[in-house]
Amino acid sequence: MGADDSLAEDPGFGVYVHWPFCKSKCPYCDFNSHVRESVDQARWRRALLSDLDHAAGHSAGRRVTSIFFGGGTPSLMPAQTVAAVIERIGRLWSLDPAVEITLEANPTSSEAEKFAAFAEAGVNRLSLGVQALNDRALGFLGRQHSAAEALAALDLARRSFPRISFDLIYARPDQSLGAWQAELTEALALGPEHISLYQLTIEEGTAFQAAWRRGEIVLPPEAAAATLYEETARQLTEAGLPGYEVSNHARPGAECRHNLTYWRYGDYAGVGPGAHGRLTWDGVKHATRQHRAPEPWLDLVEKQGHGWRSSDPVARSESLIELVMMGLRLEKGIPRAAFQRVLGASPEEALPVDRLAKLEEEGYLTLDAEGLRATNSGRQRLDALLGYLL
């Protein structure tokens, strides 16, 4: 059995921990993040541990292959909270010897000083929200750090963590192809093992959406954004960081294991305000969802021991949608073994063959003995492709 077949059968088991607080709200961000003057750290630590206890009651005996502290800005958490969460996860489940433990951080000086403490707590992979490598773009994106601070934080992170990733945002207003090529060249000169590159989009309810509606923000036209995407893929692939997912590039072996569990439709526990999970018990995959607002979530955990708002069985039709939506983001696509694991069916049995054939004919999908995957052209148009297929 090949490695990919093995991963299709067991994509790992992850624990996602959501820290909902930020120093400020970025104008492009629609994540569940909130600004507070102060946070009762002891209360929050107790609540996260209690929520973990509840999740473990529905997933006992699993081996945790990854832990991901997301947000918000998890680097605002005290290191002792991170340590307590990791220790509790290890007691409730079992930790894989090669467990990946990621924490998202912002590259401000005050947070970078905590890197060594996070590493001592057990974090072995840092994901740094750089977003841009020039101060003008950082100002436009509402970031609180400078390009120099970002570079200094990356340098400091290398001393504490064996694995590092950082994010960049492209297709910004008035961003030329030449400017983006130069920024990518600068990013690659930093010697990364993993980069996440996100196209700027206008999300519902954000400050950028209001500015966009007023005509104050004009994004590059679709053709220009596609050119930037193609140039990103070319430049990073040539540098030895091929795109293993729509927005993620890595050196072979340095892919984010936690996110691969999502994209391979594995199980994961979601802990903290607004966190979603997918947990299988009694042979049925369940979708779990937490209350979203921080203070009501905290009150609920203290009253009932957990913050779950719902836990519903995932219907077969919904499993098909989730498997295909997540799996086609990957460069390797969805192995046939994954269709069998999730649906007990082949791709041809699970999906409309006439639509599969049309998308193959038009060069957007490939269906063969290995499985189903989107071509480079298909991944550029993934939303439209999925809408047609599903």
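The numbers here are math on the coordinates, done by the rules we state, and not lab data. Remember, predicted model here, so these are calculated numbers, not experimental data.
Details
- Computed [θ] at 222 nm, deg cm²/dmol, the chain (DSSP H ≥ 4; -39,500 (n - 2.57); rounded to nearest 500): -12500 deg cm²/dmol
- DSSP-defined beta bridges in the chain - what % are antiparallel, rounded to 5: 40 percent
- Structure remark: mean-square fluctuation, Gaussian network model of the chain, C-alpha springs under 10 Å; the largest value among Gly272, Gly71, Gly90 belongs to Gly90.
- Within straight-line reach of Lys285, meaning a Cα separation under 26 Å, sit the following lysines at least 8 residues removed in sequence or on another chain: Lys332.
- Comparing mean-square fluctuations of Leu343, Leu190, Leu323 from a GNM of the chain with C-alpha springs under 10 Å, the top value falls on Leu190.
- Translational diffusion coefficient (Stokes-Einstein; Kirkwood radius from C-alpha pairs) of the stretch 225-382 at 4 °C, 1.567 mPa s, in µm²/s: 73 µm²/s
- Cα-based shape type of the stretch 210-291, given that a ≥ b ≥ c are square roots of the gyration tensor eigenvalues and the cut on a/c is 1.5: oblate
- A viscosity of 1.567 mPa s and a temperature of 4 °C, combined with the Kirkwood radius over Cα pairs in Stokes-Einstein, give a translational diffusion coefficient for the chain of 59 µm²/s.
- Candidates Gly142, Gly333, Gly14, ranked by Gaussian network fluctuation over the chain, Cα under 10 Å, top entry: Gly142
- Alpha carbon Rg of the stretch 263-322, scaled by the compact-globule rule 2.2 N^0.38 Å: 1.20
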